Amino acid sequence: MTIMPDMDQFDNTLEVRFISFFKRFHLNSILRQVNATKAKGVPAPSVVMFLMGLVFTHMNLYTFLGTCKEKVSFGKDVIYRFLNTPSAVFSLKESK
C-alpha cells in the first residue's frame, strides 16, 4: 500500500480542477476576447489548459510527450504553432 495517488487518478483530478477553474473564471470567453483562437483542429482552450497542466505537474513538453504521449490527442506541432501564431499572443484589446 502506498500513500501516493495512482497517476491516472492524479491526472483526472488535475483535469477536473482545470475544467472547473476555466468555467468559474470564464476563461474560454476571455481567450476569445483576446483573439487566442485557432482556425481548425484542437480548440485553443484545450491547448491553454494543457500548457497550464504542464506547469503544475512540473514537466516540460518534451518529457511529457515522451512518457504520456497516448494521453494527448495532439502533437507538439499543435503547441508550437499555437504559441508562434500572432493571434495566440495574449494582448488585451483597447476598449473604446
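The values are calculated or read from the model by the stated rules, or taken from the named source; none is laboratory data. This one's a predicted model, so the numbers in the text were calculated from it and none came from an experiment. Cβ placement follows ideal geometry from the backbone for every residue including glycine, while neighbour counts extend to all protein chains displayed.
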Checklist line | Residue pairs meeting the criteria (Cβ under 7 Å; at least 6 apart or on separate chains; first of a type outside the set (Lys, Arg), in the range 52-72; second outside any helix (DSSP H, G or I) and at pLDDT 85 or above) | finding: LEU54/ASN60
Margin query: I'm told MET59 meets every condition in (1) part of a helix (DSSP H, G or I); (2) surrounded by 15 or more Cβ atoms within 10 Å (Cβ to Cβ) except one. Can you identify the failing condition by its number?
Written below: (1)
Item checked: Restricting the range 1-29 to residues that are at pLDDT 80 or above and either part of a loop (DSSP other than H, G, I, E, B) or among the polar types (S, T, N, Q) (or both), the residue that is nearest to VAL47 (Cα to Cα) -> ASN28
Next item on the list: Name every residue in the range 9-51 that is farther than 22 Å from THR85 by Cβ, free of Cβ contacts under 8 Å to residues at least 60 places away in the same chain and either of a type in the set (A, V, I, L, M) or touching a Cys at 6+ places or on another chain (Cβ under 9 Å) (or both), in order of residue number.
Entry: LEU14, VAL16, ILE19
Check: Does the range 36-45 include one or more residues that are at pLDDT 75 or above, over 12 Å from the mean Cα position of the chain (by Cα), charged (D, E, K, R) and part of a helix (DSSP H, G or I)?
Finding: no
